[in-house]
Amino acid sequence: MFISRSKTSKELEWDGEFYQQFSAVACHYDELMGGVPYGMWVDYVELLLSLEQVKPRSVVDLACGTGNVSFELAKRGYPVTGVDISPAMIAAARAKRGQSPDLELEFECQDLRTLCLPEKYDLAVCLFDSLNYILWEEELEAAFRNIAQCVTTEGLLIFDMNSEHALESELFTQNNLFREADLRYNWVSHFDRNLRISEVQMFFEVRNGGDQPVRFKELHRERAYSMEQVLALLDKTGWNCLKTHEAYTTNRPRSRSERWYFVCSPKKLLEGS
Ligand SMILES: C[S@@+](CC[C@H](N)C(=O)[O-])C[C@H]1O[C@@H](n2cnc3c(N)ncnc32)[C@H](O)[C@@H]1O
C-alpha cells in the first residue's frame with residue numbers, strides 16, 4: 001500500500017516510484033479517452049442548462065485536462081476558459097488550441113483548491129470525476145468556495161462525481177491487454193475503507209513500432225464522498241444545490257448509480273449582509 005498522510009502537511013507522501021497523476025500520461029490521454037462520448041456529455045450539460053433556463057455567455061471548464069469538454073463547448077459557440085492543475089495536461093490542451101485558431105478558448109494552469117480567476121463566468125463545469133481527485137473534505141470545501149467567486153450571481157455550477165458505490169466496487173481495475181493496441185494499460189485499484197480513498201496503480205506500455213516499448217506508471221487517487229457530505233459542503237460554501245441526478249438522466253441518483261451530477265446556483269446574498 002502506498003497511501004499515507006504526512007503528519008506535517010495535508011499532502012499525501014510521495015513514494016518515489018510512480019509518476020504524479022496526469023503527468024506522463026498527458027500526451028496519451030486523448031488516445032486513452034478515444035471512446036469517451038464528450039459530445040454526448042456536452043449535450044447533457046446543455047439539457048441541464050435548458051431545464052434551468054440558463055443561457056451562458058461564458059464558461060469555465062474546471063479540471064479541464066487536455067480540454068476535450070472545453071473544445072466541445074467552444075465549437076458550440078461558448079467562449080471558454082479551461083483550468084487544470086497539471087502543467088502537462090494544459091500543455092496538451094494548448095497544443096490542440098493552436099490547430100483551432102477561430103475558437104474563443106484559453107487555458108490556465110491552476111489548482112482548484114487555490115483557484116483565483118480575474119473574471120466571472122455564467123457557467124462553471126467540472127466533469128469526469130475531477131472533484132474526486134480532491135482528497136480531503138477541507139480542500140473540497142476550499143474548491144467550492146473558490147468556484148463560487150468566479151460564477152456570476154445568475155450563473156450555474158454543473159459537476160459530476162464518482163459515487164461511493166463506483167469507487168467501492170473497484171471500478172478502476174481494468175486493462176486493454178486482451179487486444180493489440182499501441183497504448184496498452186493495466187490498472188489495479190484498491191479502495192481503502194477507512195480513508196475512503198481509491199488508489200489506482202496505472203501501468204502503461206507504449207509501442208511506437210520500435211523494438212523497445214516505453215513503460216511508465218502513474219498513481220491516481222480518488223476520494224469517495226457521500227452525497228450528504230457533498231450537499232453539506234455546497235451549502236456551507238455559498239451554493240444552492242438545485243438538482244442531483246444519476247448521470248446522463250434526469251432521474252434522482254440511486255444507491256447503485258456510478259456517477260452523480262449536481263446542478264447548483266450561487267446563494268443570493270441578502271441585502272446588507
Ligand atoms: C479524469 S481527468 C478529467 C479531465 C477532463 N475534465 C476530461 O473530461 O477529460 C481529471 C483532471 O482533474 C485534474 N485535477 C485534479 N485535481 C485538480 C485540482 N486540485 N485542481 C485542478 N485540476 C485538478 C487533473 O489534472 C485531470 O486533468
Between a residue in segment 229-244 that is surrounded by fewer than 19 Cβ atoms within 10 Å (Cβ to Cβ) and any residue that is among the polar types (S, T, N, Q), which pairs come within a Cβ distance under 7 Å, given they are 6 or more apart or on different chains? N240/S265; L242/S265
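I'd like to check something: does segment 74-96 contain any residue that is more than 10 Å from the ligand (Cβ to nearest atom) and within 13 Å of the chain's Cα centre (by Cα)?
no
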So, in segment 112-132, how many residues would count as being surrounded by fewer than 17 Cβ atoms within 10 Å (Cβ to Cβ) and within 11 Å of the ligand (Cβ to nearest atom)? 1
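Just so you know, all these numbers are worked out from the coordinates, no wet-lab data involved. On a predicted model such as this, the values are computed, not experimentally measured, just so you know. Neighbour counts run over all protein chains shown; Cβ positions are idealised from the backbone, glycine included.
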